[in-house]
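The values are calculated or read from the model by the stated rules, or taken from the named source; none is laboratory data. Worth saying up front: this structure is predicted, and the values here are computed from it rather than measured. Here the Cβ is made from the backbone with ideal geometry for all residues, glycine too, and neighbour counts use every protein chain on show.
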Amino acid sequence: MNLIRSYRNWRVYRDTVNELGRLSNRQLHDLGIVRDEIKMVARKAI
């Protein structure tokens, strides 16, 4: 069960990083995020 949860958390993290990484700097700015914070924001998503 823990392995499944870990895999799902990793997928959410990876998907979040990928989605935010596709945004322009302007779009990130509108969300209140700078490009350097993407991984931190993704960690908070799980």
Considering residues that are out of contact with any helix residue (DSSP H, G or I) (no Cβ under 7 Å at 6 or more places or on another chain) and part of a loop (DSSP other than H, G, I, E, B), the number found within segment 1-38 is 4
With respect to the numbered conditions (1) of a type outside the set (V, I, T); (2) surrounded by 12 or more Cβ atoms within 10 Å (Cβ to Cβ); (3) modelled with pLDDT of 95 or more, which one is the sole condition not fulfilled by G32? (2)
Which of (1) exposed (fewer than 12 other Cβ atoms within 10 Å of the Cβ); (2) at pLDDT below 95; (3) under 13 Å from the mean Cα position of the chain (by Cα) is the odd one out, the single condition R11 does not satisfy? (2)
